[in-house]
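Participant: Quick one: structure below, then a few questions.
The values are calculated or read from the model by the stated rules, or taken from the named source; none is laboratory data. Note that the coordinates shown come from a computational prediction; the quantities given were computed from them, not determined experimentally. Cβ sites come from the backbone with ideal geometry, for glycine too, and all protein chains shown count toward neighbours. Surface areas here come from the heavy atoms of the whole protein model, side chains and all, with no ligands, DNA or RNA. Shrake-Rupley method; radii C 1.70, N 1.55, O 1.52, S 1.80 Å.
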Amino acid sequence: MSSTKNWRSSLRRVNLYATHLLGTKATPVYVMTSIISFILAISITYGAYFIFYTFFAVILFALVLVIISTAARVIDDLNEGIASMILTAGLSRFEYILSWLISTVFYPVIIIALAALIPALVISPGALISYRVGPIGFVPPPLGMLIMTFSEQLYVNTMFALSFGIVYRRKSIAWVIAVMLTIIIPIISPMIGVAIALGMGPSSISYRYTNLVIYFMNFLFNPFYAYLSAYAFDPKDIVLPLLTIGISGVFGLIFTWALIYHAKHSMEA
Amino acid sequence: MTDIIMFRDVVKIYNGVIKALDKASFTIPNKAIAGLLGPNGSGKTTSFKLILGLLKPNEGSIRVFGMDPWWDEVDVRRRIGYLPEKPIYPDVRVYEYLRLVRRIRGASREDVIRLTKMFNIYKYLYSRINSLSRGYLQRLGITQALIGNPELLLLDEPTANLDPSSRREILGLIKDLAKELDITIVVATHILPEMKEIANYIVFINKGRIVEYGPIDILTKRYRVEAYYLIYTDQPRRIASELISEDYVRGVEIVEHGLILRIDSTYSELLEELLSTTYQNMIHGYKLVTGELGELYEKLEKLA
Ligand SMILES: Nc1ncnc2c1ncn2[C@@H]1O[C@H](COP(=O)(O)OP(=O)(O)OP(=O)(O)O)[C@@H](O)[C@H]1O
Ligand SMILES: [Mg+2]
């Protein structure tokens, strides 16, 4: 029933509205994304990523908040009735939601990931996959894994928060979930980890358990943090990192699907 | 004439409790100029949103152009021009919004420029939409509705909240559209006289129920609606005594400069024929005083 022509005209409309949003409501995301992409690209170009990743948590937090504050404006548009104006112009509910996701979530995440990947590929592709010895003998995680888990976390966090915001038609819910995922859980998880370790009595084994607790508390929604703690647990282990990337990836896809499915079936404008 | 809109036993409930439409069934034929009439809160806007596939009915079925508007939303909406009751535009400039609509609908730039000139909003293209006055907002509303040559035009309270002169202007525009465009137009309103000269079909709705629908001429006959004629004459008594014996004349009243005749509106044509032949020399002229629609409305309101 849906011929290629339908698919094409549907994509054309999504592209149109996404472009419109990009030039209007989504602008703050692009300003922020461009600045961060630039810093990321420069620091990687000059081989300074091992300094940089100390600040990843702050950057991640800032990005999640900017993306959520922009993407969640779709909830205002739905509630106020701007959405129905756009729909009556000839957009489907699916196309409408997809346009928002593309302009406020997909593009920024892809831009960030590319801004890190491209300089790394050009300057030193080896850093993407291999361990390199940093200053004072520290061995930072491979850059490729950092970029991958970082982008995944950005995506999963914003998508998860946005899904609930749209389901309940409230921006505040999207905000609360975003803050929970990017700040509260990462802060609480080491506390719990340390508490358990202290209960076990200080030893090198309990240090490992601290990291494992952090890993398991984060691996669903926060693959980047989970990856860092898995790396600290055992830099040579490959199972946990792959598990993290795989499960969070599937999670991201499920939430994309859930969000679009929900929007399509119950979005009354 | 085939039906362009078909509602069968449509129920729409808001928030699980507010029944906005209650087993509503009606049709609107292709190329009709229809009035969707009903008091405040009767379900007019809800019906429009269902036609556009913006709302999903809880029960019943809806066909617009033969399609289900909820599932075939894009194919249905692309063919409809909609002037919402309270349009809420994104906070952009007029041209930005019109460009977006034009691109989504795949219409030509010339087409839109022609419309902006026709509705006199050309000089406001670079203004922010939020800075427009109500009258111009309404013009923008009609302009965006007509982009892409819709086959069906839905106008929700097009004259609400306008001052008398803007009201007259907008009504004039709608009348012109009805005459010039060979399309179906549905106007939702509770202001009856506005529809009198435009509509040839009505759907009367009250408290979510369809009280009656059909072509106006058939409905006026069915409800034996009365028409009032003011006849200017110097011999009112003579004409009155002659006409009072006719079956269809329900009442006569002598007034200054003539008489008022109350008749079964089905016989309007016959009376007018008579007045312009037999009584031609006795009268100076005549005029239909009360709208048939007005009385029909009252009758239907009592029925509801
Ligand atoms: N979004 C909504 N949520 C809850 N109730 C609603 C909503 N929209 C309409 N209603 C209710 O549904 C009923 C029908 O409303 P609708 O707007 O369709 O009437 P209307 O005929 O357009 O009235 P008006 O002449 O005031 O525009 C009213 O009782 C109204 O309060
Ligand atoms: Mg209304």
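Participant: Which residues, taken from the stretch B:84-119, are of a type in the set (Ser, Thr, Tyr) and open to solvent by less than 60 Å² (accessible area, probe 1.4 Å)?
Facilitator: Those that are of a type in the set (Ser, Thr, Tyr) and open to solvent by less than 60 Å² (accessible area, probe 1.4 Å): B:89, B:97, B:108, B:116.
Participant: Any idea which of B:69, B:39 is open to solvent by 30 Å² or more (accessible area, probe 1.4 Å) and of a type outside the set (A, V, I, L, M, F, W, C)?
Facilitator: From the options B:69, B:39, the qualifying one is B:39.
Participant: If you don't mind, there's one more thing I want to ask. Would you mind finding the one in B:39, B:29, B:69 that is more than 14 Å from every other protein chain (Cβ to nearest Cβ) and modelled with pLDDT of 95 or more?
Facilitator: B:29
A quick yes/no check of all residues on (1) at pLDDT below 85; (2) open to solvent by 30 Å² or more (accessible area, probe 1.4 Å); (3) more than 19 Å from residue A:113 (Cβ to Cβ); (4) within 13 Å of another protein chain (Cβ to nearest Cβ):
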residue: A:8; (1), (2), (3), (4): no, yes, yes, yes
residue: A:11; (1), (2), (3), (4): no, yes, yes, yes
residue: A:14; (1), (2), (3), (4): no, no, yes, yes
residue: A:19; (1), (2), (3), (4): no, yes, yes, yes
residue: A:28; (1), (2), (3), (4): yes, yes, yes, no
residue: A:31; (1), (2), (3), (4): no, yes, no, no
residue: A:41; (1), (2), (3), (4): yes, no, no, no
residue: A:52; (1), (2), (3), (4): yes, no, no, no
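Participant: Determine, yes or no, whether residue B:124 is at the interface with another protein chain (Cβ under 9 Å from one of its Cβ atoms), hydroxyl-bearing (Ser, Thr, Tyr) and buried (at least 16 other Cβ atoms within 10 Å of the Cβ).
Facilitator: For residue B:124, the condition - at the interface with another protein chain (Cβ under 9 Å from one of its Cβ atoms), hydroxyl-bearing (Ser, Thr, Tyr) and buried (at least 16 other Cβ atoms within 10 Å of the Cβ) - is not met.
Participant: Okay, moving on. With the checklist (1) more than 16 Å from ligand 2 (Cβ to nearest atom); (2) away from chain A (no Cβ under 14 Å); (3) crowded, with 16+ Cβ neighbours inside 10 Å in hand, flag the one item residue B:153 doesn't pass.
Facilitator: Failed condition: (2).
Participant: How many residues are within 7 Å of chain B (Cβ to nearest Cβ) and either open to solvent by 20 Å² or more (accessible area, probe 1.4 Å) or assigned to a helix (DSSP H, G or I) (or both) if we restrict to the stretch A:74-89?
Facilitator: 7
Participant: Residues of the stretch B:133-150 being more than 14 Å from every other protein chain (Cβ to nearest Cβ) and either farther than 14 Å from residue B:116 by Cβ or not aromatic (Phe, Trp, Tyr) (or both), which ones?
Facilitator: Within the stretch B:133-150, B:133, B:134, B:135, B:138, B:139 qualify.
Participant: Check B:275, B:219, B:296, B:261 and return the single one that is farther than 30 Å from residue B:10 by Cβ, touching a Leu at 6+ places or on another chain (Cβ under 8 Å) and open to solvent by less than 70 Å² (accessible area, probe 1.4 Å).
Facilitator: Details: B:275 fails: touching a Leu at 6+ places or on another chain (Cβ under 8 Å); B:219 fails: farther than 30 Å from residue B:10 by Cβ; B:296 fails: farther than 30 Å from residue B:10 by Cβ.
None of the other options fit; the residue is B:261.
Participant: Return yes when residue B:212 is within 20 Å of residue B:26 (Cβ to Cβ) and open to solvent by 20 Å² or more (accessible area, probe 1.4 Å) and no when it is not.
Facilitator: yes
Participant: Would you please list the contacts, defined by Cβ atoms under 6 Å and residues six or more apart or on different chains, that run from a residue in the stretch B:17-38 that is under 13 Å from residue B:62 (Cα atoms) to a residue that is within 16 Å of ligand 2 (Cβ to nearest atom) and not in a strand (DSSP E or B)?
Facilitator: B:21/B:43; B:21/B:46; B:21/B:208
Participant: Which of the residues spanning the stretch B:121-138 are assigned to a helix (DSSP H, G or I) and in contact with a helix residue (DSSP H, G or I) (Cβ under 8 Å, 6 or more places away or on another chain)?
Facilitator: Within the stretch B:121-138, B:122, B:124, B:129, B:134, B:135, B:136, B:137, B:138 meet the criteria.
Participant: Being within 9 Å of ligand 1 (Cβ to nearest atom) and small (Gly, Ala, Ser) is the filter here, so list the residues in the stretch B:6-64 that pass it.
Facilitator: Of everything in the stretch B:6-64, those that are within 9 Å of ligand 1 (Cβ to nearest atom) and small (Gly, Ala, Ser) turn out to be B:20, B:38, B:41, B:42, B:43, B:47.
Participant: Name the single residue, out of those in the stretch B:156-170 being open to solvent by less than 30 Å² (accessible area, probe 1.4 Å) and not in a loop (DSSP other than H, G, I, E, B), that is farthest from residue B:81 (Cα to Cα).
Facilitator: B:166
Participant: For the stretch B:75-83, does any single residue satisfy the condition of being at the interface with another protein chain (Cβ under 9 Å from one of its Cβ atoms), of a type in the set (Ser, Thr, Tyr), within 16 Å of ligand 1 (Cβ to nearest atom) and open to solvent by less than 30 Å² (accessible area, probe 1.4 Å)?
Facilitator: Among the residues of the stretch B:75-83, at least one is at the interface with another protein chain (Cβ under 9 Å from one of its Cβ atoms), of a type in the set (Ser, Thr, Tyr), within 16 Å of ligand 1 (Cβ to nearest atom) and open to solvent by less than 30 Å² (accessible area, probe 1.4 Å), which makes the answer yes.
Participant: Within the stretch B:141-176, restricting attention to residues that are of a type in the set (Val, Ile, Thr) and under 26 Å from residue B:108 (Cβ atoms), which residue is farthest from the chain's Cα centre (by Cα)?
Facilitator: Filtering the stretch B:141-176 for residues that are of a type in the set (Val, Ile, Thr) and under 26 Å from residue B:108 (Cβ atoms), the one farthest from the chain's Cα centre (by Cα) comes out as B:147.
Participant: I would also like to ask the following. Among B:101, B:94, which is the only one that is away from chain A (no Cβ under 11 Å) and β-branched (Val, Ile, Thr)?
Facilitator: Only one candidate qualifies: B:94.
Participant: Give all pairs with beta carbons closer than 6 Å in which a residue from the stretch B:155-172 that is closer than 23 Å to residue A:85 by Cβ meets a residue that is open to solvent by 30 Å² or more (accessible area, probe 1.4 Å) and within 16 Å of ligand 2 (Cβ to nearest atom); count only pairs at least 6 apart in sequence or on separate chains.
Facilitator: These pairs meet every condition: B:156/B:45; B:156/B:85; B:157/B:85.
Participant: Scan the stretch B:227-235 and give yes if some residue there is in contact with a Phe, Trp or Tyr (Cβ under 8 Å, 6 or more places away or on another chain) and open to solvent by 40 Å² or more (accessible area, probe 1.4 Å), otherwise no.
Facilitator: yes
Participant: Here's a follow-up. All but one of (1) touching a Ser or Thr at 6+ places or on another chain (Cβ under 9 Å); (2) buried (at least 23 other Cβ atoms within 10 Å of the Cβ) hold for residue A:92; which doesn't?
Facilitator: Of (1) touching a Ser or Thr at 6+ places or on another chain (Cβ under 9 Å); (2) buried (at least 23 other Cβ atoms within 10 Å of the Cβ), only one is false for residue A:92: (2).
Participant: Test of understanding: among B:96, B:73, B:85, B:59, which residue is acidic (Asp, Glu) and within 16 Å of ligand 2 (Cβ to nearest atom)?
Facilitator: Exactly one of B:96, B:73, B:85, B:59 is acidic (Asp, Glu) and within 16 Å of ligand 2 (Cβ to nearest atom), namely B:85.
Participant: From (1) in contact (Cβ under 8 Å) with a residue 12 or more places away in the chain; (2) within 15 Å of the chain's Cα centre (by Cα), pick out the condition that doesn't hold for residue B:116.
Facilitator: The single condition residue B:116 does not satisfy is (2).
Participant: To continue, here is another question. Can we say residue B:148 is within 16 Å of ligand 1 (Cβ to nearest atom), at positive phi and not aliphatic (A, V, I, L, M)?
Facilitator: No; evaluated as a whole, the condition is false for this residue.
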